[in-house]
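Just so you know, all these numbers are worked out from the coordinates, no wet-lab data involved. Keep in mind that this is a model prediction, so the values were computed, not measured. Cβ coordinates were reconstructed from backbone atoms using ideal geometry, including for glycine residues, and neighbour counts include every protein chain displayed.
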Amino acid sequence: MNLDSLMLMRDELLLTLIILVVLIAEIILSPKNKKYIIQLALGLFGIYTIVSFIPLPKGSLFGGSYQTYPLVHYFKAILATGVFLILLQSVSWIKEKLLPYDFTAEFFILLFASLLGLNFMMSAGDFLMFYLGLELSTMPIIALTTFEFWNHRSIEAGVKYVMLASLSSAILLFGVSLVYATAGSINFDVIKGALHLPLLEIIGLIMIFIGIGFKISLVPFHFWAADVYEGAPTVISNYLSVISKGAAVYVLMTLLFITFTAFQKEWNWIMYGTAILTMVVGNLFALRQQNMKRFLAFSSIAQAGFILLAMLSNNALGVKAIVYFLLVYIFSNVAAFGVVHVISLKSGKENIDDYNGLYISNPKLSLVLMIALFSLAGIPPVAGFFAKFFLYTAAASKGYYVLIFIAVLNVTISLYYYLLPVRAAFLRRSENPIPYFKSDNYSRIAFIITMIGLLVLGLYSGVFEFISNISNIL
Amino acid sequence: MMNEFSYLYLIPLIPLLTFIFLGFTAKKIKEPISGYIGTASLLSIFILSLYTAYKYFFVVGLVDGKYQSIKIMLKENWIHFSDKLGIDIGLLVDPISVMMLVVVTTISLMVHIYSLGYMHDDTGYSRFYAYLSLFTFSMLGLVLSSNLFMIYIFWELVGVSSFLLIGFYFEKPSAVAASKKAFIVTRFADMFFLIGILMVGYFAHTFDFETLNSPSTYETIQNWIANHQIASFMGISVFTWALIFIYIGGMGKSAMFPLHIWLPDAMEGPTPVSALIHAATMVVAGVFLVARLYPLYFHVEDGFALRIVAVVGAFSALFAAIIALTQEDIKRVLAFSTMSQIGYMMMALGVSGFNGHEGLGYMAGMFHLFTHAMFKALLFLTAGAIIHAVHSNYMKDMGGLNKYMPVSSLVFLIAALAISGIPPFAGFFSKDEILTAAFEYNIFIWLVGFLVAGLTAFYMFRLYFRIFFNKQPDYGDHKPHEAPYTMLFALIFLGLMTMIAGFIPFSELVSADRMPFHSHIEWTDPLVIASILMAASGIGVAYLMYYKETSYPEKVATAMGKGYKWAKNKFYIDELYIFITHKIIFEHVSKPIAWFDRNVIDGFMNLLGLTVEKLAERIKIIQTGRMQDYAMYFVSGVIAIVMLIIYFN
């Protein structure tokens, strides 16, 4: 193994390096200089984000257990962008809440470690790497969930998450062992060739997908999502609903479309049912929420149901649609969570009714919220509309018209609740609205980037063209 | 050919830039300036549109006796899904889009000018002009779209701007509720539209209007339907279903029964907005959509979808006209009247043929769209001036306004004569051609149209007499006064348009097969005479019932003793009319229909919402917050899926 082939792992190596640098800085910096860790970590991660867009060749390492190709590489870059935006939004939170307890470096190290795990998981060429990546991404998040330890909800969320995540991991591992027992290998390529689908193997595969489905919060494996999102620090809820979910969707897609294509027809009808259940349940719960974080949690469950629409197609159009959707979804959700985050940090208010009259006091923030929610609801010309439209076309390419009909019906229902915060902000008055405040410059930059993203991604077709050029993974 | 119209992208672009500019500076620019900016930008695109119309219809459009459709490509192959299916961004210039350009910019300009006076001293003045520009941009984009995908985007944008404008007075809870209702109902319809678009995309392999409407496409589709008998549902082929779904989208925007419930409530918006969006432009988008895809509607499966268009249109026309008889709020009368007239246009498209003179219905439908935009906008704007003067929407607070507001009275009369179909005003020509086309198609459809013509004349003049004559309420110290000049200018301009628009030789310009044909009114035709008589008798009845409800008859009775019996006899006739209308039509037809509309149709929509909410309440108990429960559900889910797999394997 020479240096060139190690460069294939550039993203992961760089991330590890950043983790080490932050750790060393934590050790050598004197307590009064600890606040520079924020700038250091942000700067390094910014560089990493930019570097991650530099193309990499296709290749594999460690006997095929690590694989990279353009699509996965750019998807990592997308996730890095998402994490970077989340970090920008969290600066003032870190300064205010974590710095006094001297938890700054830990926050960055854990978050980067989790992203590292996701990167490994997506690049995995066998179940070992896949599982290691999955756990590496989950463990730090559990710790991060409890980071607001003065708040008992945060602790409760952490406990719930650790228990349910280990349950899902156990089921996933059990599935892996069943597949290993029948196919005789843990390597994806070998398994693909040896897939004869006896009942035992099918059950094993189902358990694997249930394990991933937990991460994506598909119904009926979604129960943790709302409680954890509500209890966890908003930054972490944002990360869970966007980054970790995005990576899990990507893995589900590659496994289904490439390795277990033969299995798809056994599974399709279950996925069909899961898609409907997820959309409907997510929507029905979102309808009744008053807390913005819970509301976004259920909305993100419903969004996962829509992704399954394209998951059913199992063709190149499906790959494009999913990757594009995730890209847009990251931008929309980061923006929406970001607004909730800054408002909750400045005023401690998290309920929809608290947003009454927000437009009068904070017009720009209200606009960001509106565009983000319109994008999630799929109202043109915001990017979210195009993303949903591609999902429909992917499902239509296999003739799932009834499912599309149900999906569009759900989008119409979802419109109702996405409009609630918008209505509160724009069309309602309040006796004591959230007072005007100036959000910090870091969050402003994040908002500007997401807004540009939401408008440009939709109207500039180059992005979709690019994704469609690199999606030839089938 | 292409470069002739390459400036056309400016037409939607200018209002968009105006919107962005006004939107960002809304707080800094003071009252008259933002209005002037909006009006100036509209004036510029109004001139551009007129120039385009002139150039298209009289210079370059007609090639070999057929109007060409010219596509200005802004971005070729903007998105491609597969080798077969892609989307371009382009602008389409053809007779109907040019006609719509003129309609939208004319009405929008008039509304802009009118609002300089109407919105005077309103706190949301700049915001209002910003929204107006957004709407104008979206509507122009919709009109110029070259494919189904683009039209859908602008379709939604129009919906968003309508949402913003209906809810403009957000201090009023009813306005907020109305805006939401309008948005949700039309989105419900758009859901079908979107599915229809996807289906068309996958069966015709294109979204492009030009390709879709070309003979080769619909012949291919016809062959495909003939060879794929299986691909049908309830005996109707998939493609016809796609067209029906698209039409449902149009029904939502155009307030066709039963998706019309948002339109009367939408009157909560400022009156100029009602004139622009809910009378002249946005609500006819559904008509425009059917006209856009007319060759497909006509040819696919012998025009089955078109028959539905005709029946829904005719029914809506009659339904709304009957309800309009009972309304007391003048804006609601006008709203139902709009629904009725749009039903007329839909009916006209539905009964039309394709080639040459057979396409009379299509031409008449478009013609009516054009004339209706003028006189209905005029009616709404006049209503706005009246409401401005008496500060009420209700007819009981009006009366005798003729002497206070002579100009408004005159233009209202012109518009009312036009909508009633009295020659030589604009509405007569278009309405008469619709009735002729309907007569050739089906006697029952014609009968419905004929009846609606009479009802329209009646309710319109009921409105006219009760507002401008009849008993005068006590206005107190604040005598009603004529509107300011800006408002009067718009009224007079539209009044002139209403008088002359009927003489435009429309069949030479717009036709189903794009070939000009000649049509003229045969004054001795019994159909023409019958329709004029019908309108005149509607007006007559209204005159008898509402003009004379003053003390005048009593004075005549006492002053001229001999004339008393004559007056009394006249009174008998009044009684008879009142008996027929009030006792029979109102009590037994209108009221039940209005009740049905209020309770059953609205109720059904409410029930749907309620069910969803109840269901959400029910399943809420599952989300207990207890981890043990979650783990149990999780494991049960796993077991259930595994059992299902084992069972079905």
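Things to note:
- Charge dipole (Cα centre; +1 on Lys/Arg Cβ, -1 on Asp/Glu Cβ; no other charges) of segment A:189-326 amounts to roughly 280 debye.
- Equivalent ellipsoid semi-axes, segment B:426-536, via Cα gyration tensor eigenvalues times 5, rooted, Å: 35, 21, 10
- Local net charge near A:ALA113, Cβ-Cβ under 13 Å (Lys/Arg +1, Asp/Glu -1): -3
- Helix axis angle, B:526-542 relative to chain B longest principal axis, alpha carbon, degrees: 60 degrees
- Shielding by other protein chains, A:403-411, mean Cβ within 10 Å: 3
- Average 1/r across all pairs of distinct alpha carbons in segment B:53-141, invert it, and you get the Kirkwood radius: 16.0 Å.
- Each Lys or Arg adds one and each Asp or Glu subtracts one; over the other residues with Cβ under 13 Å from the Cβ of A:THR234, this totals +2.
- Radius ratio Rg over Rh of segment A:3-470, counting only Cα atoms, Kirkwood formula for Rh: 0.95
- Shielding by partners, peptide B:636-643 (average Cβ within 10 angstrom, other chains): 6
- Cα gyration tensor, segment A:344-474 - rounded (a/c under 1.5), prolate or oblate: oblate
- Global form of segment A:1-138, assessed from the alpha-carbon gyration tensor, a/c cut-off 1.5: prolate
- Shape box of segment B:71-195 [Cα atoms, principal axes, largest first, Å]: 55, 30, 21
- Listed residue (B:GLY399, B:HIS518, B:MET366) projecting farthest to the positive dipole end of chain B, Cβ model: B:GLY399
- Note on chain A: helix-only mean residue ellipticity at 222 nm, from DSSP H runs of 4+ residues weighted -39500 (n - 2.57) and normalised by residue number, equals -24500 deg cm²/dmol.
- Leading residue at positive end of dipole, the protein assembly as shown (Cβ point charges), from B:ILE47, A:LEU87, B:GLY353: A:LEU87
- Sequence ranges A:402-412, B:307-317, ranked by mean other-Cβ count within 10 angstrom, highest first: B:307-317, A:402-412
- Segment A:274-430 shape via C-alpha gyration tensor axes, a/c threshold 1.5: prolate
- The mean sequence distance of close C-alpha pairs (under 8 Å, at least 6 residues apart), as a share of the length of chain B, puts its relative contact order at 12 percent.
- Put a plus charge on the Cβ of each Lys and Arg, a minus charge on the Cβ of each Asp and Glu, and nothing anywhere else: the dipole of chain B about its Cα centre is then about 1560 debye.
- Most positive-pole-ward Cα, B:ILE277, B:VAL390, B:MET534, against dipole of the protein assembly as shown from beta carbon charges: B:VAL390
- Take each peptide in B:28-37, A:441-450, A:88-97, count the other Cβ atoms within 10 Å of every residue, and average; sorted highest first, the result is A:88-97, A:441-450, B:28-37.
- Sequence ranges B:108-121, A:223-236, B:65-78, ranked by mean other-Cβ count within 10 angstrom, highest first: A:223-236, B:108-121, B:65-78
- Sequence-distant aspartates and glutamates (8 or more away, or on other chains) whose Cα lies within less than 14 Å of A:LYS349: A:GLU230
- 19 Å reach of a label modelled at A:ILE258, 7 Å along Cα-to-Cβ, counting backbone N of segment A:114-139: A:116-135
- Derived scalar couplings ³J(HN,Hα) [segment B:322-332; Karplus, 6.51 cos²θ - 1.76 cosθ + 1.60; whole Hz; x for Gly, Pro]: 5, 5, 4, 4, 9, 7, 9, 7, 5, 5, 6
- Total formal charge among the other residues, if their Cβ is under 13 angstrom from that of A:PHE447, Lys/Arg +1 and Asp/Glu -1: +2
- Note on A:279-291: average number of Cβ atoms from other chains within 10 Å of each residue's Cβ is 3.
- Over the protein assembly as shown, volume per residue of the alpha carbon convex hull, in Å³: 178 Å³
- Student exercise, segment A:3-470 dipole from Lys, Arg, Asp, Glu Cβ charges, in Debye to nearest 20: 980 debye
- Size of segment B:30-89 as Cα extents on the principal axes (Å, biggest first): 53, 36, 10
- Both radii come from the Cα set of chain B: Rg as radius of gyration, Rh as Kirkwood radius; their ratio Rg/Rh reads 1.01.
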